[in-house]
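Peer 1: Take a look at the following structure, please.
The values are calculated or read from the model by the stated rules, or taken from the named source; none is laboratory data. Not measured: the values here are computed from a predicted model. Positions of Cβ are backbone-derived with ideal geometry, glycine not excepted, and every protein chain shown enters the neighbour counts. Areas reflect the complete protein model, heavy atoms only, side chains present, ligands, DNA and RNA absent. Shrake-Rupley method; radii C 1.70, N 1.55, O 1.52, S 1.80 Å.
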Amino acid sequence: SVIPRTMPTKKSVEWTATNGQKFRFDLKLEKHYEASSVQSAPGTVYFMNEKGTKRTSDGAAKTEDDEKVSYLYGYIIKRPNRNFHQDGDIVCQELHEFTVKLFNENGSKCRVPGPTMRGCDKSKGGMFLIEKVEIQRAFKGIDLGIDLVHEFLVFAKDQIGLCVMNPWTLSKSAL
């Protein structure tokens, strides 16, 4: 018999910026505790410090850890799903607004007219709402946020048919 292949729930990816700085993207998919058809989708970015021993002012040895510099947070809601609108409402207002505006009550039929979203009806993947992306100011200008979103989409591609985000949830000063 064939054992079904399941998607991993964690992944770590190293990324090098154009300026040579090295980063690590830690990506996860977790079960959202209230809605059975929703997964929480956190991603964290660490600036990879050169590993080694440094000395503090009093001469004690200190190992430098990687520094957290960015994160992404969102939700993936399965479609089709008989509780599509209800589960979106349980999770957050933004997810509920997108589920109601874009799809019918079970998430099987797209409500957006015209050819733009025609492929979404046939897609078996869920809807991914990126709720928040934050980047430390010192790391802006190197496409860190774009690459984090890209890596998350690659990681969860078998579960995502449509990705949306609310632009007003982004922190203008942090991006």
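Peer 1: Check Pro80 against each of (1) without any contact (Cβ under 8 Å) to a residue 40 or more places away in the chain; (2) assigned to a helix (DSSP H, G or I); (3) touching a strand residue (DSSP E or B) at 6+ places or on another chain (Cβ under 9 Å) and name the one condition it does not meet.
Peer 2: (2)
Peer 1: Given the options Phe103, Phe128, Phe155, name the one that is aromatic (Phe, Trp, Tyr), at pLDDT 90 or above, farther than 23 Å from Thr9 by Cβ and open to solvent by less than 30 Å² (accessible area, probe 1.4 Å). Write out each step before concluding.
Peer 2: Details: Phe128 fails: farther than 23 Å from Thr9 by Cβ; Phe155 fails: farther than 23 Å from Thr9 by Cβ.
From the options Phe103, Phe128, Phe155, the qualifying one is Phe103.
Peer 1: If the Cβ limit is 7 Å and pairs must be 6+ apart or interchain, which residue in the range 158-171 that is closer than 14 Å to Tyr75 by Cα and modelled with pLDDT of 85 or more pairs with which residue that is assigned to a helix (DSSP H, G or I) and among the hydrophobic types (A, V, I, L, M, F, W, C)?
Peer 2: Listed by first residue and then by second, the contacts come to Ile160/Leu153; Gly161/Cys120; Leu162/Cys120; Cys163/Leu153; Val164/Phe98.
Peer 1: Contact list please: Cβ distance under 9 Å, first residue in the range 25-45 and within 28 Å of Glu105 (Cα to Cα), second residue of a type in the set (Asp, Glu) and assigned to a strand (DSSP E or B), pairs at least six apart or on different chains.
Peer 2: So the pair list comes out as Gln39/Glu30; Ser40/Glu30; Ala41/Glu30; Ala41/Glu131; Pro42/Asp26; Pro42/Glu30.
Peer 1: Identify all residues within the range 122-142 that are within 23 Å of Phe155 (Cβ to Cβ) and assigned to a loop (DSSP other than H, G, I, E, B); write none if there are none.
Peer 2: Looking only at the range 122-142, we keep the residues that are within 23 Å of Phe155 (Cβ to Cβ), and these are 122-136, 139, 142.
Correct list: Ser123, Lys124, Gly125, Gln136, Ile142.
Peer 1: Here is a follow-up. Report yes if Val133 is within 17 Å of Met165 (Cα to Cα) and either buried (at least 19 other Cβ atoms within 10 Å of the Cβ) or in contact with a His (Cβ under 6 Å, 6 or more places away or on another chain) (or both), otherwise no. Show your work before the answer.
Peer 2: Values: within 17 Å of Met165 (Cα to Cα): yes; either buried (at least 19 other Cβ atoms within 10 Å of the Cβ) or in contact with a His (Cβ under 6 Å, 6 or more places away or on another chain) (or both): yes.
Here the answer is yes, as Val133 does meet what is asked.
Peer 1: Going by the structure shown, is Gly119 open to solvent by less than 60 Å² (accessible area, probe 1.4 Å), part of a strand (DSSP E or B) and modelled with pLDDT under 90? Please lay out each step first, then the result.
Peer 2: Numbers: open to solvent by less than 60 Å² (accessible area, probe 1.4 Å): yes; part of a strand (DSSP E or B): no; modelled with pLDDT under 90: yes.
So Gly119 does not fit the description; no.
Peer 1: Do we find a residue being under 16 Å from Gln159 (Cβ atoms), part of a loop (DSSP other than H, G, I, E, B) and modelled with pLDDT of 90 or more anywhere in the range 33-51? Quick ask: steps written out before the conclusion?
Peer 2: Initially, the range 33-51 is screened for residues under 16 Å from Gln159 (Cβ atoms), giving 35-43.
From the residues that got through so far, the ones that are part of a loop (DSSP other than H, G, I, E, B) too are 35-37.
Applying the additional criterion that residues be modelled with pLDDT of 90 or more yields 37.
Yes, because at least one residue in the range 33-51 is under 16 Å from Gln159 (Cβ atoms), part of a loop (DSSP other than H, G, I, E, B) and modelled with pLDDT of 90 or more.
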